[in-house]
Amino acid sequence: MAAFTPSEHIQHILASLPTKPGCYLMKDETGKVIYVGKAKKLRNRVRSYFNSSAEAYPKTLRLREQIADIEVIVAETEVQALILEETLIKRHLPRFNIMLKDDKRYPYIKVNWQEPFPKVETTRRVEKDGSRYFGPYTAMWAVQNTLRTLRKAFPYLTCDRVITGNDERACLFYDIKLCNAPCIGAVNQEQYRAMIAELMDVLSGRSEKVMARLNHEMQQAAENLQFEKAAAIRDQLKAIEYINQRHKVVNPKMTDHDVIAVARDKNDACVQILFIRNGKLVGSDARMLGGAEGEPDEEILSQFLTQFYSDVAEVPHEIILPNEVEEARIIEQWLKDKRGGQKVTITVPQRGDKHALIKMAEENASEALRMIRAQWEADTHKHEQALAELQEALKLPAPPNRIECYDISTTQGTAIVASRVVFVRGAPRKSEYRRFNIRTVSHAGPDDYQSMREALTRRFHRYQDAQQADAPTDPAKTDTDETWRLLPDLLMIDGGKGQLGVGVEVLKEFGLFGRVPVVALAKQFEELYEPDNPNPIILPRRSQALYLVQRVRDEAHRFAITTHRNQRTKIGMASKLETIPGVGPKRRKALLKAFGNSIDAIKAASVDELTAVPGITEPLAQTIKASL
């Protein structure tokens, strides 16, 4: 193999690199960032991509062939370089970097302990606001199940009342024993906070004292023949026991640990995390990584740690890994800062309980990777089969790799919305979903045909503008986004022959009839109608093509209904203003004008803010607040 010789420009950069810590951004000939890295000494690290040591790494060879420019950013410390690298990767999404394929935030249970009467809620964002956070949970449904169970044992507040203890009556939750009603003084602030403190003990895995107290109170109630009270305490104990059973005991001596392992298969990498809190396994999750081809496990783990813990709400005091990572001490310092100055340790156990947990995580990672790959392969095969079947049934010149489907949603002519969903190679591409608020149809009555005509006309006008971006027909409406530039391989309209006729007319207006295949999907029997064919095409009941058509249609319908429901709610709320005694059309308009046409702003306004609106008296403002 001939020795690689970088360009004169790159050679000049390599010769002038600093020896300080920092980050480097490698760019291609278009100026796009294709790789971001960090270094203890920029000069040594960047130059290593162009010497003989790089010959052993195919990925590095491909990378350096595309490098046209290198930008360096000097940092004061290695920790700052680490933080900067993570920020730059998120900003540029370089294709040669190892990347988490999703950056989801885990759900937590939040207790607003800083408030006099703390509430309990869910959140995906942890802030330093005095609240206590418990988690992470791997799914929101798990959080909701936990809270539903906990509320039976600890009936906490969920309303927005200002708690004075002097309210005349409690809400329905008090009657069904899901709130202990501090609003009416049934419990005072000290008693309520004591209950919430016990709830937090249970969430922290320290429920022994709580259960001992409840057991004692249950026995006392039974001895005093207070059987109803004893039964209520028994139900509380069952709820707490259920929460405890959900958490597998690992080792009582292990308090706050994350166990991480990697599984590899060809170019795929999967990282498994086990969350251990107070000696119990409270959850686990598997995360896929892209760009891991040819990278050693140590580099994958290092990149995973910086990306994963940059957004995670809770940093444990110990992270257990299967391999040493080169920059472990720097990462520890960075995590210590994120943990508010509390020490964080990265360990690689060789034996004992922690080593056994690594083995458990590795087995789970391998199984997760196997299942994910099997799912991908199965889905890909089914998608290809569905597209092939659809091509054959419709006699298309090629598989319909890009399908656009349109649907109309309306109720008696109000808030008319058209939706467009896009499926690429049999899978939904939600980034290209679009909505059209129909403007040309009179609200005196519904007209689905005219609504469809407007939606399709606007879509293909944007196609024309995208094709003529240098000389747009209407600069105000020009949209050169790729989603408009591409024509569908199949245009699908949710409706019957009438809607199909509208689609054909629009395509002819734009000179696209014959270039863009179009079909209509009848709602009742899921029959496909083609132009100039009086007989419907009926796909086999168990065919993949039918399943694909159903998925496309259902997604278009769901997307249209969601938008329409939101618009209808706004219209309904505006109309609701006029149902309030004393608020007619004139005062409604004045309110909407004063609060920026926002019902939410009116609902959130104080009585003083409402009375500032012309025609709104203080009694009427009180009525508006009560009604909304």
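The values are calculated or read from the model by the stated rules, or taken from the named source; none is laboratory data. As the structure is a prediction and not an experimental result, all values here were calculated from the model. Positions of Cβ are backbone-derived with ideal geometry, glycine not excepted, and every protein chain shown enters the neighbour counts.
If only one of Asp353, Asp297, Asp311 is more than 25 Å from the chain's Cα centre (by Cα) and under 22 Å from Ile98 (Cα atoms), which one is it? Reasoning before the result, please.
Details: Asp353 fails: under 22 Å from Ile98 (Cα atoms); Asp311 fails: more than 25 Å from the chain's Cα centre (by Cα).
The conditions single out Asp297.
Residues Gly503, Gly495: which one is modelled with pLDDT under 90, crowded, with 16+ Cβ neighbours inside 10 Å and not polar (S, T, N, Q)? Spell out how you get there, then give the answer.
Values: Gly503 fails: modelled with pLDDT under 90.
Only one candidate qualifies: Gly495.
Count, please, the residues in the stretch 499-551 that happen to be hydroxyl-bearing (Ser, Thr, Tyr) and free of Cβ contacts under 8 Å to residues at least 60 places away in the same chain.
The initial filter retains those residues of the stretch 499-551 that are hydroxyl-bearing (Ser, Thr, Tyr), namely 529, 543, 547.
Then keep just the ones that are free of Cβ contacts under 8 Å to residues at least 60 places away in the same chain; that gives 529.
Selection size over the stretch 499-551: 1.
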Got at least one residue in the stretch 152-170 being under 19 Å from Glu228 (Cα atoms) and β-branched (Val, Ile, Thr)?
no
Considering the stretch 332-343 alone, what residues qualify as being part of a loop (DSSP other than H, G, I, E, B) and buried (at least 21 other Cβ atoms within 10 Å of the Cβ)?
none
Verdict on Leu157 being in contact with a helix residue (DSSP H, G or I) (Cβ under 6 Å, 6 or more places away or on another chain), without any contact (Cβ under 8 Å) to a residue 60 or more places away in the chain and not small (Gly, Ala, Ser):
no
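Might you check whether a residue that is surrounded by fewer than 20 Cβ atoms within 10 Å (Cβ to Cβ), under 20 Å from Val36 (Cα atoms) and either touching a Pro at 6+ places or on another chain (Cβ under 9 Å) or in contact (Cβ under 8 Å) with a residue 60 or more places away in the chain (or both) occurs anywhere in the stretch 297-304? Write out each step before concluding.
Step one: of the stretch 297-304, the residues surrounded by fewer than 20 Cβ atoms within 10 Å (Cβ to Cβ) are 297-299.
Going one step further and asking which of them are under 20 Å from Val36 (Cα atoms), we end up with 297-299.
Add one more test, that the residue is either touching a Pro at 6+ places or on another chain (Cβ under 9 Å) or in contact (Cβ under 8 Å) with a residue 60 or more places away in the chain (or both), and what stays is 297, 299.
Looking for residues that are surrounded by fewer than 20 Cβ atoms within 10 Å (Cβ to Cβ), under 20 Å from Val36 (Cα atoms) and either touching a Pro at 6+ places or on another chain (Cβ under 9 Å) or in contact (Cβ under 8 Å) with a residue 60 or more places away in the chain (or both), one finds at least one in the stretch 297-304, hence yes.
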Flag for Thr30 being surrounded by fewer than 20 Cβ atoms within 10 Å (Cβ to Cβ), assigned to a loop (DSSP other than H, G, I, E, B) and of a type in the set (Ser, Thr, Tyr)
yes
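Looking only at the stretch 261-273, count every residue that is touching an Asp or Glu at 6+ places or on another chain (Cβ under 7 Å) and part of a strand (DSSP E or B) and tell me the total. Lay out the reasoning, then the answer.
Initially, the stretch 261-273 is screened for residues touching an Asp or Glu at 6+ places or on another chain (Cβ under 7 Å), giving 261-263, 267, 273.
Of the ones still in play, those that are also part of a strand (DSSP E or B) are 261-263, 273.
Selection size over the stretch 261-273: 4.
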Selection over the stretch 298-331 where residues are outside any loop (DSSP other than H, G, I, E, B) and within 22 Å of Ala81 (Cβ to Cβ) yields a count of 19
Conditions: (1) modelled with pLDDT under 85; (2) farther than 19 Å from Val424 by Cα; (3) surrounded by fewer than 19 Cβ atoms within 10 Å (Cβ to Cβ); (4) not hydroxyl-bearing (Ser, Thr, Tyr). Glu482 meets all but one. Number of the miss?
(2)
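Looking at Tyr35, Tyr57 in this structure, which one is of a type outside the set (S, T, N, Q) and surrounded by 20 or more Cβ atoms within 10 Å (Cβ to Cβ)?
On the way: Tyr57 fails: surrounded by 20 or more Cβ atoms within 10 Å (Cβ to Cβ).
Only one candidate qualifies: Tyr35.
Can Lys338 be described as at pLDDT 85 or above, more than 21 Å from Leu486 (Cα to Cα) and not assigned by TED's automatic domain parsing to the domain that holds Ala455? Talk me through it step by step, then tell me what you get.
Numbers: at pLDDT 85 or above: no; more than 21 Å from Leu486 (Cα to Cα): yes; not assigned by TED's automatic domain parsing to the domain that holds Ala455: yes.
Spelling it out, it is not the case that Lys338 is at pLDDT 85 or above, more than 21 Å from Leu486 (Cα to Cα) and not assigned by TED's automatic domain parsing to the domain that holds Ala455.
Find the residue count for the stretch 307-322, including only residues that are touching a helix residue (DSSP H, G or I) at 6+ places or on another chain (Cβ under 8 Å) and either modelled with pLDDT under 90 or outside the structural domain of Glu363 (by TED's automatic domain parsing) (or both). Please lay out each step first, then the result.
Of all residues in the stretch 307-322, those touching a helix residue (DSSP H, G or I) at 6+ places or on another chain (Cβ under 8 Å) come to 307, 309-310, 315, 319-322.
Next, from what is left, pick out any that are either modelled with pLDDT under 90 or outside the structural domain of Glu363 (by TED's automatic domain parsing) (or both): 307, 309-310, 315.
So the count comes out to 4.
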Looking at (1) under 30 Å from Tyr137 (Cβ atoms); (2) at pLDDT below 90, find the lone condition where Pro118 falls short.
(2)
Please go through (1) at pLDDT 85 or above; (2) part of a loop (DSSP other than H, G, I, E, B) for Phe525 and return the number of the only condition it doesn't satisfy.
(1)
Looking only at the stretch 32-46, how many residues end up being of a type in the set (Gly, Ala, Ser) and under 30 Å from the mean Cα position of the chain (by Cα)?
1
Scanning the stretch 41-57 residue by residue, the ones that are part of a loop (DSSP other than H, G, I, E, B) and without any contact (Cβ under 8 Å) to a residue 40 or more places away in the chain total 2
Do we find that Thr30 is closer than 21 Å to Leu84 by Cα and of a type in the set (Val, Ile, Thr) in this structure?
no
Considering (1) surrounded by 13 or more Cβ atoms within 10 Å (Cβ to Cβ); (2) under 23 Å from Gln303 (Cα atoms), say which one Asn44 fails and leave the rest.
(1)
Just wondering, is there one or more residues in the stretch 125-146 that are in contact with a strand residue (DSSP E or B) (Cβ under 6 Å, 6 or more places away or on another chain) and among the basic types (Lys, Arg)?
yes
Could you please let me know if Leu25 is surrounded by 17 or more Cβ atoms within 10 Å (Cβ to Cβ) and outside the structural domain of Gly294 (by TED's automatic domain parsing)?
yes
Could you please find all residues in the stretch 224-265 being closer than 24 Å to Glu367 by Cα, modelled with pLDDT of 70 or more and among the hydrophobic types (A, V, I, L, M, F, W, C)?
Val259, Ile260, Ala261, Val262, Ala263
Take the stretch 384-403 and flag every residue that is within 19 Å of Arg541 (Cβ to Cβ) and surrounded by fewer than 16 Cβ atoms within 10 Å (Cβ to Cβ).
Ala388, Glu392
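This table checks each residue for (1) closer than 21 Å to Ala181 by Cβ; (2) among the β-branched types (Val, Ile, Thr); (3) within 39 Å of the chain's Cα centre (by Cα).
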| position | (1), (2), (3) |
| --- | --- |
| Met195 | yes, no, yes |
| His216 | no, no, no |
| Gln220 | no, no, no |
| Leu225 | no, no, no |
| Ala230 | no, no, no |
| Glu241 | no, no, yes |
